[in-house]
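For reference, the structure is listed below as structure tokens.
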Amino acid sequence: MLLLFLLFEGLCCPGENTAAPQALQSYHPAAEEPLSFRMLQTSSFANHSWAHSEGSGWLGDLQTHGWDTVMGTIRFLKPWSHGNFSKQELKNLQSLFQLYFHGFIQIVQASAGQFQLELKPEAWLSRGPSPGPGRLQLVCHVSGFYPKPMWVMWMRGEQEQRGTQRGDVLPNADETWYLRATLDVAAGEAAGLSCRVKHSSLEGHDLIIHWGGYSVFLILICLTVIVNLVILIVVDLWLKKQSPVFSMGDNTRDTNNSRHHFCLAQVSWIKNRFLKWKTRLNQLS
């Protein structure tokens, strides 16, 4: 604030021997509020190592100063925009601006992770509507990326699949972007395919997601078997707990027979469930 006040004082209150009062009066309409002096800064950060800053000074709607980013010096855009500062005072002021811009860039780059300035995209795969008998539509979704330019391609190893169809780049609610790429293939040719994503935020580290085929169904089958085995063990323990220790003869045999029949029924149910999933898997492939 002190820096702004000094600069404002030098601009708007020049000495009597300068032509600044007359120049300022020409930009100061009568019966209006005094003009304000504003300093604007714009800084761009492309990555961890590149940044660019611009600065400007404005007296009302008139730009009076600029900042030379190459030389690191103040640009005086009007003959009277030096105010009544001495050369040494302007040199000190310029040094302060150099120190500020340098420090500001370093602080922002060091804190980029906390500001969440890097929008690395996320990608996932799904299956779209079947394009025909015995064919699959593979869909690669990419979302949450910024800036807009994005490269997505279905691959087999290092070979690009020319049948890849890119959709429109659509905006998300958080002002990032979404894109999908599809590929129609025969059902038996999906294995070995992958989706590759390239974006500036990845800094050369491409995202590669391999098509997993029917791994989801295999996981469901395994989970079904495990769950039912657990149920079988729990029920068996419960039946043992319910059977009296002192039971003899027919009662013991009846209890054992009931437990045996129940176990057989559970095993049969698990087997039928497994066959059902297997049949469905064969139909899909």
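The values are calculated or read from the model by the stated rules, or taken from the named source; none is laboratory data. Worth saying up front: this structure is predicted, and the values here are computed from it rather than measured. Note that each Cβ is placed from the backbone with ideal geometry, even for glycine, and that neighbours are counted across all protein chains shown. Only protein heavy atoms, including side chains, enter the accessible area calculation; ligands, DNA and RNA are left aside. Shrake-Rupley method; radii C 1.70, N 1.55, O 1.52, S 1.80 Å.
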Calculated FRET value between L125 and E160, using beta carbons and R₀ = 22 Å, to 0.05: 0.85
Potential lengthening between A173 and S143 on full extension [0.36 nm per residue; Cα-Cα distance subtracted]: 9.7 nm
Estimated vicinal HN-Hα couplings, Hz - region 63-72 in sequence order (Karplus 6.51, -1.76, 1.60; Gly, Pro = x): 7, 10, 9, x, 10, 7, 6, 6, 8, x
Taking the convex hull of Cα positions in region 52-91, its mean projected area over all directions (nm²): 3.3
T224 paired with D184, simple spin-label distance in nm, labels 7 Å along Cα-to-beta-carbon: 3.2
Where M150, M71 fall by accessible area, highest first, once all protein chains stay in place (1.4 Å): M71, M150
HN-Hα J in Hz across region 94-108 - Karplus 6.51, -1.76, 1.60, θ = phi - 60°, x for Gly and Pro: 5, 5, 4, 5, 4, 5, 5, 4, 5, x, 4, 4, 5, 5, 5
Region 70-210: relative contact order in percent, alpha carbon pairs under 8 Å with at least 6 residues between: 21
For S56, solvent-accessible area (1.4 Å; no DNA, RNA or ligand), Å²: 30
Hz values of 3J(HN,Hα) by residue in region 164-180 - Karplus curve (6.51, -1.76, 1.60), Gly and Pro given as x: 5, 10, 8, x, 6, 7, 10, x, 8, 5, 8, 6, 8, 10, 10, 8, 10
Normalised alpha carbon radius of gyration of region 126-178 [divisor 2.2 N^0.38 Å]: 1.34
